[in-house]
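Read the structure below first, then the notes.
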Amino acid sequence: MKKTIVFAFAFLFAMMVLASTVYDEVNAAFSAGSTEKLSALLSSNVDLTLLTSEGKYSKVQAQQIIKNFFAQHPPAFFKIQHQGSSKDGSMYGIGLYKDNKGEAFRIYFVLKQLNGQNLIREIRFEKE
């Protein structure tokens, strides 16, 4: 019984560390406006909503769209304000992004585990 409890705590701790690392990577990518850092976290297909346009894009297409967003709205600030997980094992985060012109955007992203790696499957950019 004690071994089971110890194993359960070890597993939960490992999951928290892994989740923390992924959220840190997402935070760093948006804070820097780095398409390169963000692309390392994208799955092969991404559901992307950027203000009023939305669609399902390949990783390469999503990278280009996000790169254009960063070019038009260079980052001044980004912070993940809320994060969590769902019953199906997906993880999500909601962050506040402010560009260097003072415009604010809410960014919502969903990560799913694929081949042992948490990858972004969905990103939504909404004007605050």
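Read-outs throughout are calculated quantities, based only on the coordinates presented, and are distinct from any laboratory measurement. From a predicted model like this one, the values you see are computed outputs, not experimental measurements. For neighbour counting, all protein chains shown are included, and Cβ atoms are generated from backbone atoms with ideal geometry for every residue, glycine included.
Give a residue-ordered list of calculated ³J(HN,Hα) values for segment 83-95 (Karplus: 6.51 cos²θ - 1.76 cosθ + 1.60, θ = phi - 60°; whole Hz; x for Gly, Pro).
Calculated HN-Hα couplings, in order: 8, x, 9, 10, 5, 7, x, 5, 10, 9, x, 10, x Hz.
Using θ = phi - 60° and the Karplus curve 6.51 cos²θ - 1.76 cosθ + 1.60, what whole-Hz ³J(HN,Hα) does each residue of segment 106-119 get, with Gly and Pro shown as x?
Ordered by residue, 3J(HN,Hα) equals 9, 10, 10, 9, 10, 10, 10, 7, 10, 6, x, 10, 7, 10 Hz.
Can you give the extra length, in nm with one decimal, that the chain gains between K37 and E25 once fully stretched, where that is 0.36 nm per residue apart less the Cα-Cα distance?
Full-extension gain reported as 3.6 nm.
Under the √(5λ) rule applied to the eigenvalues of the Cα gyration tensor, what semi-axes describe the equivalent ellipsoid of segment 24-128? Give them in Å, descending.
For segment 24-128, the semi-axes come out at 20, 15, 13 Å.
Give the lysines whose C-alpha is closer than 27 Å to that of K67, dropping any in the same chain fewer than 8 places away, or say none.
List returned: K37, K56, K59, K79, K98, K101, K112, K127.
Go through segment 32-38 residue by residue and turn each phi into a ³J(HN,Hα) via Karplus (6.51, -1.76, 1.60, θ = phi - 60°); whole Hz please, and just put x for glycine and proline.
8, x, 9, 5, 4, 5, 5
At 7 Å along the Cα-to-beta-carbon direction for both A76 and K101, put a label point, then send me their distance in nm to one decimal.
Distance between the two pseudo-spin positions: 1.2 nm.
Would you pull out the residues with amide H under 5 Å of L50's amide H, same chain only if 5 or more places away, H placed 1.01 Å from N?
F125
7 Å from Cα along Cα→Cβ at both N68 and I94: what's the point-to-point distance in nm?
Here the modelled spin labels are 2.8 nm apart.
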